[in-house]
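Read-outs: derived from the displayed coordinates by stated rules, not from any lab. Bear in mind that the values here come from a model prediction, so they are computed numbers and not experimental data. Reconstructed Cβ throughout: ideal geometry from the backbone, glycine too, with neighbour counts over all protein chains shown.
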Amino acid sequence: MKTQPKVVEYNFEASAFDWEIAPGKTIEAWGFNKQLPGPVLRANAGDTMVVRITNNLSEPTTIHWHGICLPAAMDGTDGVQKPIEPGESFEYRFVVKDAGTFWYHAHTNETVQMERGMYGALIIDGETDPVVDGEKIFMIDDMKLDENNEFTKPSWFLPRAMERHDGRQGNTLLLNGKENLIINVNGGQTERWRFINSSSARYFVLHLGGKAFKVIASDGGLLEHPVTMTEALITPGERIDIAIDFKEGESFAIESLAYDRMTFLRAKRETFATVKAGENKPSIAFIPERLRTIIPLASQDAAITRKVKLSVDPRIRDQKDFKINDGVHVNDKPVMVGELQIWEVSNTSRMDHPFHLHGFFFQVIEENGKAPEYMAWKDTVNLKPRSTIKIAWMPDNRPGTWMYHCHIIEHHAAGMMATFDVIDGSKPYEPKAPTHSHRHH
């Protein structure tokens, strides 16, 4: 039976607070409702979500609803919203039409605000979700802390330049705001685990002690078929949902295998949490072989409508050297409502970049000349060094200013981002004056 859409309301306070990441280890976090991560927001597909936020931080902020197809005015970027000043409140209101694993995070001065904990999960349940015995949400993060458990401030030239170049990768590994988490499950069960990479720059290669798991969903919800893996890359901004079975008495680590994203940082294997399976319980889980149908938007040979080039000046220097189409913080040309977009996105640099499109899902139709292994709706996709992908997406009737950027937060801040308008062809269009649409302190 179909449930009637309802209005789901939440109240947020953004503030600084003390947060214990491990016994006896406390940091001064920034976040929502004095939690790290912030509260899990939950609704059914079709519901209207209302989030009222009061800003009690010492600086302005906004919230971006990552992966949600909402009106442009609710996207939470400086391009569409005046940042919420300290002491002020703002109400976000939007319909959540797609089921899946999404998240929210600050979109003002992100290099500081997200690093300190301004993020949380947003889960939209759907009518056709597979039946599981349990569910867990895991938000992957890291923090760069000094010996006093305070956030490090790059002090002299080279470390700061390297941090801008590499992205800020921390030495304190967090899963759901905690170090060395212990997760208890029951044997004989199948659970749905939703992973969200909310870190600034960490590439996370999910590995569960060699156990096989089924990937059942990506950024834009369910895949067509479960895909069995023993490891899966989750880049900053991306999500994957897996179905995983447990045997009584087993124990394994949730870890990230080493991934070389071609930076100065040495890639290494790291453990985030430990899973312990207790006694068997009867299971009601059922993961069907067909999860849904995804209709292709375009074939591999579809004509390209736009080229987007990501590039990095190879010299390390403290200025704007992370570029889109040879510029920084670019205003790109508009797209028309209802006109299929085929974008060729190329990474000419020698390092990986996760490309994120705001407000719309796309399909990757080609990667370095080949079709992808399986169909998926995405809003964030990794581009390896010297690689090119083709994506297809449809601008539906949500005119306004949107954004695409590298989701390594420091690269975004340094200039690897662009805004563009979606326009309704039946109305006159006024191009906006070029603005530097990003504020940083």
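Given 0.36 nm per residue, what is the gain on full extension from Lys97 to Val8 after removing their alpha carbon distance, in nm?
That pair, Lys97 and Val8, stretches by 30.7 nm at full extension.
For segment 341-382, state which GluC sites (Glu not before Pro) are in a DSSP loop and have at most 12 other beta carbons lying within 10 Å of their beta carbon.
On the way: sites: Glu344, Glu366, Glu367, Glu373; in loops: Glu373.
Passing both the DSSP loop test and the Cβ count: Glu373.
In debye, nearest 20: dipole of segment 135-280 around its Cα centre with unit charges on the Cβ of K, R (+) and D, E (-)?
That gives segment 135-280 a dipole magnitude of about 340 debye.
Output the antiparallel fraction of DSSP beta bridges having both residues in the chain, as a percent to the nearest 5.
70 percent
Contour minus end-to-end for Ile182 and Phe252, with contour as 0.36 nm per residue of separation and end-to-end as the Cα-Cα distance?
Working: separation 70, 0.36 × 70 = 25.20 nm, distance 1.03 nm.
This chain segment gains 24.2 nm when fully extended.
Could you name the aspartates and glutamates whose alpha carbon sits less than 15 Å from that of Lys247, not counting residues in the same chain fewer than 8 places away?
Output for Lys247: Asp133, Glu191, Glu279.
Could you tell me how many cubic angstrom of Cα convex hull volume segment 306-423 has per residue? Could the numbers behind the result be given before it?
On the way: hull volume 10.8 nm³, N = 118.
Convex hull volume per residue, Cα atoms: 92 Å³.
Can you give the charge dipole size of segment 215-315 about its Cα centre, rounded to the nearest 20 debye, using +1 on the beta carbon of Lys and Arg and -1 on the beta carbon of Asp and Glu?
Dipole about the Cα centre, nearest 20: 500 debye.
Considering all projection directions equally, how large on average is the shadow of the alpha-carbon convex hull of the chain, in square nanometres? Walk me through the intermediate numbers first.
Details: hull surface 85.2 nm².
Average of the hull's projected areas for the chain equals 21.3 nm².
Report, by chain and number, residues whose modeled amide H sits under 5 Å from the one on Arg239, excluding near sequence neighbours (fewer than 5 apart, same chain).
Distant-sequence amide H within range of Arg239: Asp219.
Please compute the modelled spin-label separation between Asn397 and Lys153, points set 7 Å along Cα→Cβ, answer in nm with one decimal.
5.2 nm
Could you size up the charge dipole of the chain around its Cα centre, putting +1 on the beta carbon of Lys and Arg and -1 on that of Asp and Glu, and report it in debye to the nearest 20?
That gives the chain a dipole magnitude of about 680 debye.
Once both labels are modelled 7 Å past Cα along the beta-carbon direction, what's the Asp146-Glu289 spacing in nm?
Modelled inter-label distance: 6.0 nm.
Give me P(r) over segment 135-280, computed from all C-alpha to C-alpha distances, binned every 10 Å, as integer percentages.
11, 39, 32, 14, 4, 0
Restrict the search to segment 198-295; then list the GluC sites (Glu not before Pro) that DSSP places in a loop and that have at most 15 other Cβ atoms within 10 Å of their Cβ.
Qualifying residues, ordered by number: Glu248, Glu250, Glu289.
List the lysines whose Cα sits under 20 Å from the Cα of Lys153, skipping any in the same chain fewer than 8 residues away.
Result set, ordered by chain and number: Lys25, Lys144, Lys320.
Once you keep just the Cα pairs under 8 angstrom separated by 6 or more residues, what percentage relative contact order results for the chain? Let's see the in-between values first.
Values: 1207 pairs, mean separation 64.8, N = 441.
Reported as a whole number, the value is 15 percent.
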